[in-house]
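Following: one structure in structure tokens, then a few remarks.
What follows is calculated from the coordinates using simple rules that are stated; it is not laboratory data. Keep in mind that what you see is a predicted model, and the values were worked out from it rather than measured.
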Amino acid sequence: ALPICSIDTPTGYLAFLFIFFVLAVSLFVCGQVGAARQEEADEQLETLLSQPVERRDWLGGRLLLATGGAVTISVVAGLLTWAGAASQGVSVSLPRMLEAGANCLPVALLFLGVAALAYAITPRASAPIAYGLVTVAFLWQLSGSVLGAPKWLLDVTPFAHVGLVPAQPFRATAAVVMLALAALASLAALWAFRRRD
């Protein structure tokens, strides 16, 4: 289930809303990896990779672009949510809403790393793997406790480790772990992609 958070208050509602922003940013980064795969499938990379551009550098550039897009979307989501809340008389600080936006990044970047690794190892199945993992993880987060699953099983989804900012504190330890896993998956993807035919 979603982390406990009352949506009876304005900040509780805003916090609940951000779990869907986490989903949206995660789907965005998976879409970026899917676009890279489509470029390769459409043979748009043949000319580029025949020049002195390493495969690893090209994929690294795509991952940086996806990361930049995710950061931009997350910051804009925080800013616009703050502006919308302020226009309705809800008292919530701008730094807290920017923190809520940044809260989207650890999960999204973890899925980016996993999607990139899937692309490097099994390119044709990478989009179904990436979108499938995000979808299953999110649906499990929404329905797991309703089904009576034990806590350890509920905790397998990254969405379970997101603090619903601004109603809850940012979960720094979980964020650091997810970012470390994201970096490892991305590095493994770059290594595997360089060696792929």
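The share of Cα pairs per 5 Å bin across region 109-197, counted from zero up to the longest distance, runs 3, 14, 18, 20, 19, 13, 8, 4, 1, 0 percent.
One decimal place: the segment LEU64-ALA125 gains 19.8 nm when fully extended, by the rule 0.36 nm per residue minus the C-alpha distance.
Mean Kyte-Doolittle of at least 1.0 plus a Cα span of 30 Å or more along the axis: flag which DSSP H helices in the chain meet both, please.
10-41, 172-195
Suppose only helical runs count, i.e. DSSP H with n ≥ 4. What mean residue ellipticity at 222 nm does that imply for the chain under -39500 (n - 2.57) per run, divided by all residues and rounded to the nearest 500 deg cm²/dmol?
Values: 8 runs with 142 residues, N = 197.
Calculated at 222 nm, the ellipticity per residue is -24500 deg cm²/dmol.
From the alpha carbon gyration tensor of the chain, can you work out the equivalent ellipsoid semi-axes (sqrt of 5 times each eigenvalue) and give them in Å, largest to smallest? Numbers along the way, then the final one.
On the way: eigenvalues 220, 75, 33 Å².
Equivalent-ellipsoid dimensions as semi-axes: 33, 19, 13 Å.
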